[in-house]
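The values are calculated or read from the model by the stated rules, or taken from the named source; none is laboratory data. These figures come from a predicted structure and were not determined experimentally. We place every Cβ from the backbone using ideal geometry, glycine too, and count neighbours over all the protein chains shown. Just so you know, the surface numbers come from the protein's heavy atoms only, side chains and all, with ligands and any DNA or RNA stripped out. Shrake-Rupley method; radii C 1.70, N 1.55, O 1.52, S 1.80 Å.
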Amino acid sequence: MRNIQTRNFKADVDALNALLSKAKTEQRSDDALSVSIRLAAVAIHARKNEMSAVEIIELLDKEAERFENQAQEMH
């Protein structure tokens, strides 16, 4: 049998909310940077390969699907 010690912590709700808000803002910033880098890579790929508008649209569709799948995996 284990000894279980219960501890009570007093938390400042405002401080916790501020910390959570900061974490959310940082995550959004990181996500935006990630998308920006990926879109830049797609643009470089399209330019390098002299892709047509139709090919670029297909490439963007694939990227959109990739982001959607990634978001679904997180839920």
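Could you check which residue among ASP30, ASP14, ASP61 shows the biggest mean-square fluctuation in a GNM of the chain with a 10 Å Cα cutoff?
ASP14
Multiply the residue separation of ASN49 and ASN8 by 0.36 nm, subtract the distance between their alpha-carbon atoms, and state the gained length in nm to one decimal.
8.6 nm
Along the charge dipole of the chain, which of ILE44, ILE56, SER29 sits closest to the positive end, that is, farthest toward it, with unit charges on the beta carbon of Lys, Arg, Asp and Glu (+1, +1, -1, -1)?
SER29
Once the whole set of protein chains is in place, how much accessible area is left on SER36, using a 1.4 Å probe, in Å² to the nearest 10?
70 Å²
Run through all the Cα pairs of the chain and give the fraction in each 10 Å bin from 0, expressed as whole percent.
15, 27, 21, 16, 11, 7, 3, 0
Would you calculate, for the chain, the mean residue ellipticity at 222 nm contributed by helices, counting each DSSP H stretch of 4 or more residues as -39,500 (n - 2.57) and dividing by all residues, to the nearest 500?
Computed mean residue ellipticity for the chain: -27500 deg cm²/dmol.
When all protein chains stay in place, what accessible area (Å², nearest 10, 1.4 Å probe) is found for LYS24?
LYS24 has an accessible surface of roughly 100 Å² with all protein chains in place.
With just the Cα atoms defining each centre, how far is segment 15-32 from segment 45-75? Give it in Å.
28 Å
Suppose the chain between GLN27 and ALA71 were pulled fully straight at 0.36 nm per residue; how much longer would it get relative to their current alpha carbon spacing?
Full extension from GLN27 to ALA71 adds 14.5 nm.
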